[in-house]
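What follows is one structure encoded as structure tokens, with my remarks underneath.
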Amino acid sequence: VQLQASGGGLVQAGGSLRLSCAASGRTFSNYAMGWFRQPPGKEREFVAAINWNGGSTYSANSMKGRFTISRDNGKNTVYLQVDDLKPEDTAVYYCAARRGGPYSSMYFEYDYWGQGTLVTVSS
């Protein structure tokens, strides 16, 4: 499956963004989906994940409350709504697809990755 992330940009602290990740090439509903991010100079970290039909989601503890993952299987797209953005949210955000398993917070359990979309939050 090919993944194309979009929706990043420059936003002021306190603002919101909705990131999108469009999938093509395979049956989208066969995949659990996840969002990860990599701040400048730091390791990649898990943000949120969602199961194949959107019925179950999981977010990193530090992300709960401001980050919401959702998906639309009819549009082959997974979303990440980010509210009340903070400068420390500045990162490249990546979407990932996991074939044949439940969602996961472990990056190495994902099979396909998008190219990333940059979010920059100014103070």
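Of the residues screened, residue 85 is not one that is under 19 Å from residue 105 (Cα atoms), modelled with pLDDT of 95 or more and either of a type outside the set (Ser, Thr, Tyr) or open to solvent by 80 Å² or more (accessible area, probe 1.4 Å) (or both).
Count of the stretch 55-73 residues, restricted to those that are over 18 Å from residue 15 (Cα atoms), open to solvent by less than 80 Å² (accessible area, probe 1.4 Å) and not in a strand (DSSP E or B), is 4.
Per the conditions (1) touching a Pro at 6+ places or on another chain (Cβ under 7 Å); (2) more than 24 Å from residue 123 (Cβ to Cβ); (3) open to solvent by less than 10 Å² (accessible area, probe 1.4 Å), the sole criterion not satisfied by residue 91 is (2).
Which members of the stretch 38-53 meet the condition of being open to solvent by 10 Å² or more (accessible area, probe 1.4 Å) and in contact with a Leu (Cβ under 9 Å, 6 or more places away or on another chain)? Explain how you work it out, then say what you get.
In the first step, residues of the stretch 38-53 are kept if they are open to solvent by 10 Å² or more (accessible area, probe 1.4 Å); the result is 38-46, 51-53.
Those that are open to solvent by 10 Å² or more (accessible area, probe 1.4 Å) and in contact with a Leu (Cβ under 9 Å, 6 or more places away or on another chain): none in the stretch 38-53.
Hey, could you check the stretch 94-111 for residues that are open to solvent by 50 Å² or more (accessible area, probe 1.4 Å) and under 12 Å from residue 32 (Cα atoms) and say which is modelled with the lowest pLDDT? Taking the candidates together, the pick is 100. Please verify whether the stretch 97-110 includes one or more residues that are touching a strand residue (DSSP E or B) at 6+ places or on another chain (Cβ under 7 Å), part of a loop (DSSP other than H, G, I, E, B) and among the aromatic types (Phe, Trp, Tyr). Within the stretch 97-110 (the criterion being touching a strand residue (DSSP E or B) at 6+ places or on another chain (Cβ under 7 Å), part of a loop (DSSP other than H, G, I, E, B) and among the aromatic types (Phe, Trp, Tyr)), the answer is yes, since at least one residue qualifies.
Being in contact (Cβ under 8 Å) with a residue 12 or more places away in the chain, in contact with a helix residue (DSSP H, G or I) (Cβ under 7 Å, 6 or more places away or on another chain) and either among the basic types (Lys, Arg) or more than 21 Å from residue 2 (Cα to Cα) (or both) narrows it down to one of 44, 71, 18, so name that one.
Working: 71 fails: in contact with a helix residue (DSSP H, G or I) (Cβ under 7 Å, 6 or more places away or on another chain); 18 fails: in contact with a helix residue (DSSP H, G or I) (Cβ under 7 Å, 6 or more places away or on another chain).
After applying the criteria, what remains is 44.
Put simply, of 89, 83 the only residue that is in contact (Cβ under 8 Å) with a residue 60 or more places away in the chain and among the acidic types (Asp, Glu) is 83.
The values are calculated or read from the model by the stated rules, or taken from the named source; none is laboratory data. Just so it is clear, the structure is predicted and the values come from calculations on it, not from any experiment. In this analysis, Cβ positions are derived from the backbone assuming ideal geometry, glycine residues included, and neighbour counts consider all displayed protein chains. All accessible areas refer to the heavy atoms of the entire protein, side chains included, with ligands and DNA or RNA removed. Shrake-Rupley method; radii C 1.70, N 1.55, O 1.52, S 1.80 Å.
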